[in-house]
Amino acid sequence: MYTFNCLQVDSMSKIVSARISEDLEKELKLIEKIEKTDRATVIRKLLSIGVSEWKKKYALDLYREGKVSLWKAAKIAGLSLWEMIDLLAKEKVLLNYTIEDLREDIEAALEG
């Protein structure tokens with residue numbers, strides 16, 4: 001196991017440490033080489049991608065289970081309503097949209 005540290009870049013950044021496997025470290029080195037950048041930049045980029053993808057999956061799961069409206073799922077995922085609809089289509093999730101959902105979405109849109 002190896003430990004990586006994300007160095008503080010500015011006053012708004014936080015330092016994060018984690019242990020990773022040797023295989024993952026090799027993957028990071030490969031990405032660093034391909035991207036021609038330093039490890040901290042690669043880790044920040046991959047972490048950002050990972051968080052974004054997790055939010056989409058989480059929002060899809062909540063929507064699929066009927067726990068949130070389409071608009072709420074889009075907000076959770078960090079997407080526009082149309083992007084969320086596209087994601088639903090891509091993931092073959094049926095659009096279960098009721099009159100109540102429409103009311104909630106209109107209210108949410110008016111709130112900003």
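Read-outs: derived from the displayed coordinates by stated rules, not from any lab. Just so you know, these numbers come straight off a predicted model, no measurement behind them. Neighbour counts run over all protein chains shown; Cβ positions are idealised from the backbone, glycine included.
Every helix of 4 or more DSSP H residues in the chain counts as -39500 (n - 2.57), and over all residues that averages to -20500 deg cm²/dmol at 222 nm.
Among all the lysines, which ones have a C-alpha under 27 Å from residue 33's C-alpha, if same-chain residues fewer than 8 places away are not counted? Output for residue 33: 14, 45. Along the charge dipole of the stretch 2-111, which of 42, 21, 81 sits closest to the positive end, that is, farthest toward it, with unit charges on the beta carbon of Lys, Arg, Asp and Glu (+1, +1, -1, -1)? So the residue furthest toward the plus end is 21.
Annotation: average projected area of the stretch 2-111 is 9.6 square nanometres, based on the convex hull of Cα atoms across all directions.
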